[in-house]
Amino acid sequence: MKAVDFTRGGEPSGSAARPSTVETPRGLSVLYRGRFLYSRYDPQKSPIEAAQAAAIPDETLVLCPSPLLGYGLSELLTSLPARSFVLALEADENLMALSVERIPRGIFFNPKFKLIRTASVARVLETIDALGQGPFRRAIRVDLSGGAALNVDFYREVQSGIDEYIGRWWRNHVTLMRLGRNYARNFFSNCHS
């Protein structure tokens, strides 16, 4: 499964308790650290609605923190523009194990999807560099579960780091374009001298 990366990139943030799936009238929910990470009544409804409501322009990196059981991922990938990509991220190793076990296999083989487990913003940026999918013009975050609430500060830092990374890439690109024109103009002007 090449779309899964287990690189630690920092200390694990999991606890000794394991997440458990709980049967509800409309599918499985997840109970972890004393809280439900999906609805106890209709676990798939909110994630699917969030995925369908996400307005994703082309050339967008979609950050999907804590995908858990993968609810909403198929809908997100189905509506994804051609030059966009979904990066699912899990900071908690126990929840990562659950995701690897429960997310439908077909999603892992989608070339527009990657799931990583890390507690390092730098590792997330290295992963984006290695995707070979860019350049991205923007990053948006789509929460499909309550798992992101367990590591709020980390996911906020990741979003901020990605925004800075994309902004820096485009500033450098514009600078190189300007310098390139000046270089060419100076080169030809010096050749005629």
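The values are calculated or read from the model by the stated rules, or taken from the named source; none is laboratory data. Bear in mind that the values here come from a model prediction, so they are computed numbers and not experimental data. Here the Cβ positions follow ideal geometry from the backbone for every residue, glycine too, while neighbour counts run over all protein chains shown. Accessible surface is based on the protein model in full, side chains and every heavy atom, while ligands, DNA and RNA are left aside. Shrake-Rupley method; radii C 1.70, N 1.55, O 1.52, S 1.80 Å.
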Solution diffusion estimate, µm²/s, Stokes-Einstein, region 22-144, Kirkwood Rh from C-alpha pairs, 25 °C, viscosity 0.890 mPa s: 165 µm²/s
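Using only Cα atoms, what is the ratio of the radius of gyration of region 21-90 to 2.2 N^0.38 Å? Walk me through the numbers before you get to the answer.
On the way: Rg = 13.2 Å, N = 70, 2.2 N^0.38 = 11.1 Å.
Relative to the 2.2 N^0.38 Å estimate, region 21-90 comes out at 1.19.
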How would you rank 41-47, 71-77, highest first, on the average number of other Cβ atoms within 10 Å across their residues? 71-77, 41-47
How big is the convex hull of the Cα atoms of region 75-129, per residue, in Å³? 81 Å³
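Quick check on packing: order 88-98, 154-164 by the mean number of other C-beta atoms within 10 Å, highest mean leading. Spell out each step's value before the answer.
Details: 88-98: 23.4, 154-164: 16.9.
The most tightly packed comes first, giving 88-98, 154-164.
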Could you check the spin-label model distance between Ile140 and Glu157? Points 7 Å from the Cα along Cα→Cβ, value in nm. 2.7 nm
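Can you give the net charge of the other residues whose Cβ lies under 15 Å from the Cβ of Gly161, counting K and R as +1 and D and E as -1? Display every interim value, and only then the final one.
Working: positive: Arg123, Arg138, Arg141, Arg156, Arg168; negative: Glu126, Asp129, Asp153, Glu157, Asp163, Glu164.
So the surrounding residues net to -1.
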Surface per residue (accessible, 1.4 Å probe) for region 67-178, Å²: 44 Å²
